[in-house]
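The values are calculated or read from the model by the stated rules, or taken from the named source; none is laboratory data. Keep in mind it's a predicted model, so treat the numbers as computed, not measured. Methodologically, a virtual Cβ is constructed for each residue, glycine included, from the backbone with ideal geometry; neighbour enumeration extends over all protein chains shown. The accessibility values were calculated without ligands, DNA or RNA, using every heavy atom of the protein model including side chains. Shrake-Rupley method; radii C 1.70, N 1.55, O 1.52, S 1.80 Å.
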Amino acid sequence: MVGAQCEGGARLEGLEEAALGLHAVLVDPRLGGCIDRGSDSLLVGTAVGKGAVEAAVEKAAELAGRDGGTLVLALLGHGEGSGGAALHLVTSGKRNSPPLTNVNVTALLNDALNHPGLNGLVAIVDTCLSGGAVPAAPDVTSGRLEGDVRFSLLFAATAHQPAFDMRLSTELTRLIAEGLPGAGKFLTVDDDLMERLRERIRGQQPGRSVFDGSSRVGKALWLARNRVAFRNGPLGPIAKQALQNAGRRVDHSLLLSTEDELAAWLKDNEHTTGGGSWVAVQRLREVQAELEAGRKTLNVVSKVFGPVLTEESLRLVGGLAGLPPGFVRQEPPRTLRDIIEHAAHHGSTAEGQQRALAHVVAAMAHVTGHRGQLPPEVLAWAQDLELTAVVNSRLDELNHQPDGDQAPRLVLVLADDGGETVVRVDAWLLFGRAVLSSSRFPCGAGDKELKLAMAEAIAWALPWANIAERPLQRIDVAAPTLVLLDCPPEEHIVRKQKLAVNYTVTTRWSGLLAPPIGFTVEDMLQVGAQLLASLDDTDCCGPKWLQNEHLQTVDHLQQHLSNHGFGQHVWALSSLPESDWDYVAQELLEHTPALVWPRQKDVSDELVIQASVGKHWQVLPQQISHAYRKHLSGAGPSDDDLGPLATVRVAWHDTDWHAFCLRRADTVVAAPDEMTSKERA
């Protein structure tokens with residue numbers, strides 16, 4: 001293995017990693033099977049020197065010939081040549097050095113394959129212009145062994161083409177590590193291997209050259225053992241069941257139990273067309289892709305995350321990935337293979353994207369403490385399956401924990417679908433900003449039906465919270481204006497107790513999910529974004545309090561608000577208007593999705609309320625929920641000044657709610673009609 005690095009601006013990024021990775025799989029007894037001779041067979045770095053390379057190759061050929069073995073030679077680095085001339089490997093560390101200072105790769109390969117006693121030569125050349133490394137047939141047949149030789153050569157690009165990012169080496173390393181279904185016990189430099197490499201390598205044209213003039217009888221030259229073929233029972237029960245179910249759709253008597261059997265069957269029936277049989281065969285091809293994705297994923301996560309995972313952490317992984325609680329909580333505990341196979345075969349989405357697998361891997365990264373960039377092996381896996389953005393986004397969402405609170409959060413949206421009453425409760429369970437699952441709970445008209453639907457939604461969320469071993473404590477309830485004002489969510493009796501007794505309830509206005517008439521969802525999101533920007537202002541120390549003269553009529557309020565931009569303030573009232581409170585609230589919420597107002601009409605001291613809100617401004621709205629819970633428990637007055645805060649309600653907007661609404665901007669519905677005719681107020 002030679003990884004010759006250039007100096008200065010010609011440095012090849014990733015060369016050292018590619019050389020070490022390829023060397024590792026080649027000397028792995030279960031894979032490449034090469035004898036590891038340590039520093040004698042691994043030269044990596046700058047200025048390794050022509051003499052050192054040639055001496056190392058000569059020694060390796062001598063030892064291989066003595067043992068009657070195959071010489072495997074890998075040359076990685078910067079290649080020079082022109083017009084299809086013999087390829088030279090830059091070993092001096094400098095581009096455009098005199099040819100005598102660098103290695104003539106073509107001549108080196110020809111000399112090596114003619115060394116007495118060798119069973120053959122397998123060469124891998126990952127350089128620019130590497131097609132120029134192919135020895136000419138007349139040179140081979142006129143060599144010392146007069147053509148009684150065999151060799152296989154993999155090259156990264158044609159003799160006139162550059163190569164990039166050590167792609168041949170890195171993709172070949174991954175392929176050897178993963179195995180190739182249907183390829184038999186050994187990976188050889190054949191059509192199947194080249195087809196797979198060309199699928200993975202973009203921007204250059206890898207190639208091969210094979211010569212077999214040997215009089216020896218026996219196995220063909222092989223590059224590595226095929227990991228797939230050497231596994232004992234490669235499929236777990238979930239994958240095997242998926243394969244068998246797909247096979248029965250084609251023919252009730254078709255029994256497939258391994259990837260190799262599936263690959264062989266598809267190869268023999270690749271021209272099947274017409275009707276239901278074609279659809280069934282397509283499903284088998286989908287299962288083949290799922291098996292491959294699951295195998296690749298299991299190989300990577302077993303190595304990277306497996307050593308630190310436990311049965312309990314695997315349950316948490318399944319929960320954070322959004323797998324069904326009934327599956328995750330089953331006894332005996334699910335294995336790592338079970339989790340991966342369930343995601344691969346029951347979580348596929350359109351266009352072949354394995355989003356469920358991406359969510360499982362992101363959950364493993366989160367559970368094992370990866371708060372920053374993913375490990376290199378996982379990044380390579382994600383790039384291979386084109387899931388990099390999905391995994392990174394999901395990991396960011398899981399890692400986003402407000403105030404460091406590593407607990408699930410339930411979002412309940414009371415949906416009216418444009419009518420006067422709530423018709424269903426839409427529920428989302430979140431961990432950080434990642435949605436673990438969602439469900440809908442229809443409800444009939446009336447307060448009793450609404451409370452029953454909310455209770456069902458909470459009961460639905462509890463199993464996920466139990467899997468995470470963190471109790472459900474935070475519930476966001478989003479409601480349209482009339483429901484928000486007339487039926488305070490935190491006061492709902494759920495399971496014989498007010499919701500605020502057991503949970504920290506944050507009330508939201510659902511206007512960003514169902515914008516009022518005359519506004520689009522983009523309008524409302526812009527208002528929310530402007531509000532968040534104004535709250536980030538270091539001069540912001542509390543809400544903007546409205547005076548009684550601003551609330552005499554809706555027209556008075558509109559006139560006052562017309563002097564202020566949308567989203568410039570959190571508006572607050574220390575007393576409610578005598579009439580038209582619903583229209584006043586709607587007008588305010590259209591200007592800012594955050595609003596503070598008193599819980600009751602009778603307010604004994606408005607200044608005390610304003611002072612309490614100002615004092616606790618930085619810890620709202622949670623402090624309001626805490627104060628209200630303390631009030632419900634009958635706790636007496638204390639010096640923490642929470643008493644007045646318990647008399648306040650809010651419709652709150654913050655970055656987490658804004659992010660949630662942004663993700664659902666394409667599913668909005670129309671707002672209630674009764675809020676449109678403000679002239680009637």
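Could you count how many residues in the stretch 37-61 are touching a residue at least 12 places away in the same chain (Cβ under 8 Å) and farther than 26 Å from Pro99 by Cα? Break it down stepwise before answering.
Here is the first cut: in the stretch 37-61, the residues touching a residue at least 12 places away in the same chain (Cβ under 8 Å) are 37, 40-50, 52-54, 56-57, 59-61.
From what's left, farther than 26 Å from Pro99 by Cα: 37.
Residues flagged as touching a residue at least 12 places away in the same chain (Cβ under 8 Å) and farther than 26 Å from Pro99 by Cα within the stretch 37-61 amount to 1.
Would you mind stating whether Arg225 is closer than 25 Å to Ala382 by Cα, of a type in the set (Lys, Arg) and without any contact (Cβ under 8 Å) to a residue 24 or more places away in the chain? So Arg225 does not fit the description; no. The number of residues in the stretch 87-116 being modelled with pLDDT of 90 or more and of a type in the set (Gly, Ala, Ser) comes to 2. Just one of the numbered conditions (1) open to solvent by 20 Å² or more (accessible area, probe 1.4 Å); (2) touching a residue at least 24 places away in the same chain (Cβ under 8 Å); (3) within 18 Å of Ile35 (Cα to Cα) is not true of Ile124: (1). Filtered by the rule that a residue be under 30 Å from Val361 (Cβ atoms), free of Cβ contacts under 8 Å to residues at least 24 places away in the same chain and touching a Phe, Trp or Tyr at 6+ places or on another chain (Cβ under 8 Å), the stretch 434-474 gives Ser438, Ser439.
On the stretch given as the stretch 27-46, residues that are surrounded by 21 or more Cβ atoms within 10 Å (Cβ to Cβ) and in contact with a Ser or Thr (Cβ under 9 Å, 6 or more places away or on another chain) total 1.
If you go through the stretch 90-116 and keep only what is open to solvent by less than 10 Å² (accessible area, probe 1.4 Å) and of a type in the set (S, T, N, Q), you end up with Thr91, Asn102.
Could you grab me the full set of residues in the stretch 64-76 that are surrounded by 15 or more Cβ atoms within 10 Å (Cβ to Cβ) and farther than 21 Å from Phe155 by Cα?
If the condition is that a residue be surrounded by 15 or more Cβ atoms within 10 Å (Cβ to Cβ) and farther than 21 Å from Phe155 by Cα, then Ala64, Gly65, Gly69 are the ones that fit.
If you go through the stretch 387-420 and keep only what is more than 24 Å from Arg470 (Cβ to Cβ) and either at pLDDT below 90 or of a type in the set (Ser, Thr, Tyr) (or both), you end up with Thr388, Ala415, Asp416, Asp417, Gly418, Gly419, Glu420.
Mind telling me which of the residues Trp278, Trp265 ends up being surrounded by 15 or more Cβ atoms within 10 Å (Cβ to Cβ), of a type outside the set (Asp, Glu) and over 20 Å from His346 (Cβ atoms)? It is Trp265.
Per the listing Gln558, Gln526, Gln600, the residue uniquely touching a residue at least 12 places away in the same chain (Cβ under 8 Å), in a loop (DSSP other than H, G, I, E, B) and open to solvent by 60 Å² or more (accessible area, probe 1.4 Å) is Gln600.
Starting from residues that are assigned to a loop (DSSP other than H, G, I, E, B) and in contact (Cβ under 8 Å) with a residue 24 or more places away in the chain, keep the ones in the stretch 363-379 and report whichever is farthest from Val301 (Cα to Cα).
So in the stretch 363-379, the residues assigned to a loop (DSSP other than H, G, I, E, B) come out as 368-375.
Checking which are in contact (Cβ under 8 Å) with a residue 24 or more places away in the chain leaves us with 368, 370-371, 375.
Details: Thr368: 11, His370: 13, Arg371: 17, Pro375: 10 Å.
So the residue we want is Arg371.
Ala382 meets each of the listed conditions (1) open to solvent by less than 20 Å² (accessible area, probe 1.4 Å); (2) under 14 Å from the mean Cα position of the chain (by Cα); (3) touching a residue at least 60 places away in the same chain (Cβ under 8 Å) apart from (3).
Would you check which residues across the stretch 23-41 are at pLDDT 90 or above and under 16 Å from Ala56 (Cβ atoms) and list them? Passing the criteria: His23, Leu26, Val27, Cys34.
Residue pairs whose Cβ atoms lie under 7 Å apart, sitting 6 or more positions apart in sequence or on different chains, and linking a residue in the stretch 161-181 that is within 18 Å of Gln204 (Cα to Cα) and touching a residue at least 40 places away in the same chain (Cβ under 8 Å) to a partner that is assigned to a loop (DSSP other than H, G, I, E, B) and hydroxyl-bearing (Ser, Thr, Tyr), are Ala163/Thr127.
Per the listing Ala445, Ala455, Ala427, Ala459, the residue uniquely farther than 25 Å from Asp654 by Cβ, in contact with a Ser or Thr (Cβ under 7 Å, 6 or more places away or on another chain) and not aromatic (Phe, Trp, Tyr) is Ala445.
Which of the helices (runs of 4 or more DSSP H) contained wholly in the stretch 266-353 include at least 3 residues that are at pLDDT 90 or above, closer than 19 Å to Leu243 by Cβ and under 19 Å from the mean Cα position of the chain (by Cα)? Before you say what the answer is, go through the steps one by one.
Numbers: elements: 275-304, 311-320, 325-328, 336-346.
By residue number, 275-304, 336-346.
Among the residues of the stretch 283-313, the one identified as in contact with a helix residue (DSSP H, G or I) (Cβ under 6 Å, 6 or more places away or on another chain), farther than 20 Å from Arg355 by Cβ and of a type in the set (Ser, Thr, Tyr) is Ser313. For the stretch 78-88, the criterion of a residue being of a type in the set (Gly, Ala, Ser) and either outside any loop (DSSP other than H, G, I, E, B) or touching a Lys or Arg at 6+ places or on another chain (Cβ under 7 Å) (or both) is satisfied by at least one position.
Taking the conditions exactly as written (touching a Ser or Thr at 6+ places or on another chain (Cβ under 7 Å), modelled with pLDDT of 90 or more and not β-branched (Val, Ile, Thr)), does Arg198 satisfy them or not?
Working: touching a Ser or Thr at 6+ places or on another chain (Cβ under 7 Å): no; modelled with pLDDT of 90 or more: yes; not β-branched (Val, Ile, Thr): yes.
Here the answer is no, as Arg198 does not meet what is asked.
The condition of being surrounded by 14 or more Cβ atoms within 10 Å (Cβ to Cβ) and either over 27 Å from Ser41 (Cα atoms) or in contact with a helix residue (DSSP H, G or I) (Cβ under 8 Å, 6 or more places away or on another chain) (or both) holds for Val134.
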